[in-house]
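Have a look at the structure below, then the notes.
The values are calculated or read from the model by the stated rules, or taken from the named source; none is laboratory data. Keep in mind that this is a model prediction, so the values were computed, not measured. Cβ coordinates were reconstructed from backbone atoms using ideal geometry, including for glycine residues, and neighbour counts include every protein chain displayed. In case anyone asks, the SASA skips ligands and DNA or RNA and just uses the protein heavy atoms, side chains included. Shrake-Rupley method; radii C 1.70, N 1.55, O 1.52, S 1.80 Å.
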Amino acid sequence: MIKIGEYASLTGTEATFGQSSHNGTMLAVDEINAAGGVLGKKIQLITEDDQSKAGEPATIVRKLISRDQVIAILGEVASGRSLEAAPICQQNKIPMISPSSTNPGVTEVGDYIFRVCFLDSFQGAVLARFAKNTLKVKNVVVLTDVRSPYSVGLAQYFKERFVADGGTIAAEQKYNGGDKDFNAQLTAIKAANPEAIFIPGYYTEAGLIALQARRLGIIVPLFGGDGWESPKLVEIGGSAVEGTYYSTHYSPEDPSPVIQNFVKKYRARFNDTPDAMAALGHDSALVLVDAIKRAGTTEGPKLRDAIAATKDLEGVTGRTTMDAKRDASKPAVIVTIKNGQFKKVETISQ
Ligand code: PHE
């Protein structure tokens, strides 16, 4: 057996992130095992739930490395939790591949840390251009989760591009992940009279913010980033999230055969449509196994070099090529919510 560790938020405030990512990862691993495994061995995926809680990722990753002796680690979805565990992987020379952490700082931790998704510098610019060109707004309020490195970074990249392109930030408001009452911030936002509100946070808070904004009579467009991607956004926000927009990594509506084949297999197994985390979780496993094959060994330094050399590996979210900073470059998709369903608006390439 080749042991691979995975840490994910299977429960807690970002539970759908971990569940989707885990399902996508399992789908890839089971397929690889069914086709004979890698280096003549089967893969054993050892998954631990970090409960969406700070402090857990570090404990779990230490356990995966010392108790389970995993040869590499897949995770986390959320940038804050990847940033917590990455230094431990780095110190132990155990390669870590984040499927979907978009904050640039994650792979800056060290040369054993990789990702298979785009960065928030790209995502922030995509959203700024979308606000300017599609929403046609010039005056935007930003409402940031100051506890989340993802939210803080994405807010910053959005503002930089939006202002450089001639836009104005009417006001900035803050909250802490886990908050439930946003009336104070929304009252201040209403007074600032923006043309749209950018909410670079995760789905639980984004859904509540939308609900409370509409109750306060705020009718301007709301938009966010990939942190909104969850069926829970619609469950929590209901009709308040109708007509909102967010950017993400892939769309199950894409007619490409690779995507449609993945959607079909995922539905058959999980009775659900795969979201972006499922697609990226799947691709993170493909990248790792491809590297193990090319390295011909699971030894840390050689495996690291092989992951770093990943080139044009075809996956569900596009082709993965690791650049010199161990980051991938992938297109973004803008999604809107219509009749409670996610609908693709456009794809934006790098
Ligand atoms: N990009 C987010 C982060 O870095 C996590 C995320 C990825 C959320 C993909 C949804 C979809 O924190």
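Quick notes
- Any hit, the stretch 177-194, residues being within 21 Å of Phe158 (Cβ to Cβ), touching a residue at least 60 places away in the same chain (Cβ under 8 Å) and more than 14 Å from the ligand (Cβ to nearest atom): no
- A count restricted to the stretch 142-171 and to residues that are over 22 Å from Ala188 (Cα atoms) and within 14 Å of the ligand (Cβ to nearest atom) stands at 4.
- Taken over the stretch 3-25, the criterion of being open to solvent by 20 Å² or more (accessible area, probe 1.4 Å) and either of a type in the set (Asp, Glu) or in contact (Cβ under 8 Å) with a residue 60 or more places away in the chain (or both) is satisfied by Lys3, Thr13, His22, Asn23.
- Listed here are the strands (runs of 3 or more DSSP E) enclosed by the stretch 34-123 that have at least 1 residues being of a type in the set (Val, Ile, Thr) and surrounded by fewer than 19 Cβ atoms within 10 Å (Cβ to Cβ): 43-49.
- Search result, residues across the stretch 209-254 that are open to solvent by less than 30 Å² (accessible area, probe 1.4 Å), part of a loop (DSSP other than H, G, I, E, B), more than 16 Å from the ligand (Cβ to nearest atom) and touching an Asp or Glu at 6+ places or on another chain (Cβ under 9 Å): none
- Annotation note: Cβ proximity below 7 Å between a residue of the stretch 101-122 that is free of Cβ contacts under 8 Å to residues at least 24 places away in the same chain and within 12 Å of the ligand (Cβ to nearest atom) and a residue that is open to solvent by 20 Å² or more (accessible area, probe 1.4 Å) and of a type outside the set (Asp, Glu) (sequence gap 6+ or interchain) occurs for no pair.
- Enumeration of residues in the stretch 294-344 that are assigned to a strand (DSSP E or B), in contact with an Asp or Glu (Cβ under 7 Å, 6 or more places away or on another chain), open to solvent by less than 70 Å² (accessible area, probe 1.4 Å) and of a type outside the set (A, V, I, L, M, F, W, C): Gly315, Thr320
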